[in-house]
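What follows is one structure encoded as C-alpha cells, with my remarks underneath.
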Amino acid sequence: MSMKMAVEPEGPTKPPWLRVRLCDGTVAERVRETMRRLGLETVCEQARCPNQGECWSQGTATVLILGEVCTRRCGFCAVSSGVPETVDPY
C-alpha cells in the first residue's frame, strides 16, 4: 500500500514576479569573455549586482568608462569611489 502526503509550504511563498529564473549561461559567458578581451570594467561586477546574470543573459552590461573607480559614492553600491583614471581619447 502506497501513501502520498501533501507537503504544505511553511510561511508565504514568493510571488511569480519575484522568483529568479536561471539564465542562459552561454550568452552570459559570451558577455563576460567580451568584457575580459576588451579590458572593460562593468558596474555589474564592481557593484556586485544581484541582477548581473539576468542582464548578461540578455547580452547587456553596463560599462565603467573611467576604469574600476566611480566618482559617486552611492550607499547601496559596492563600486570603489575616488578619482578615476584619465580618459583614453582613442
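Read the figures in this text as sums done on the coordinates, not as results from a lab. If you're wondering where the values come from, they're calculated on a predicted model, not measured in any experiment. Every residue, glycine as well, gets a Cβ built from its backbone with ideal geometry; the counts of neighbours run over all protein chains shown.
What the table shows:
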| quantity | calculated |
| --- | --- |
| Under-5 Å amide H pairs with C70, H placed in peptide plane, nonlocal only | S80, S81, G82 |
| For segment 78-83, Karplus couplings with θ = phi - 60° (6.51, -1.76, 1.60), whole Hz, Gly/Pro x | 9, 6, 5, 10, x, 8 |
| Restricting segment 25-90 to trypsin sites (Lys or Arg not before Pro) in coil, as DSSP defines it, with at most 11 other Cβ within 10 Å | R48, R72, R73 |
| Footprinting exposure proxy for S80, S57 (fewest neighbouring C-beta atoms within 10 Å first) | S80, S57 |
| Ratio of the Cα radius of gyration of segment 22-81 to 2.2 N^0.38 Å, where N counts its residues | 1.12 |
| Segment 22-81, dipole about Cα centre (Lys/Arg Cβ +1, Asp/Glu Cβ -1), debye to the nearest 20 | 180 |
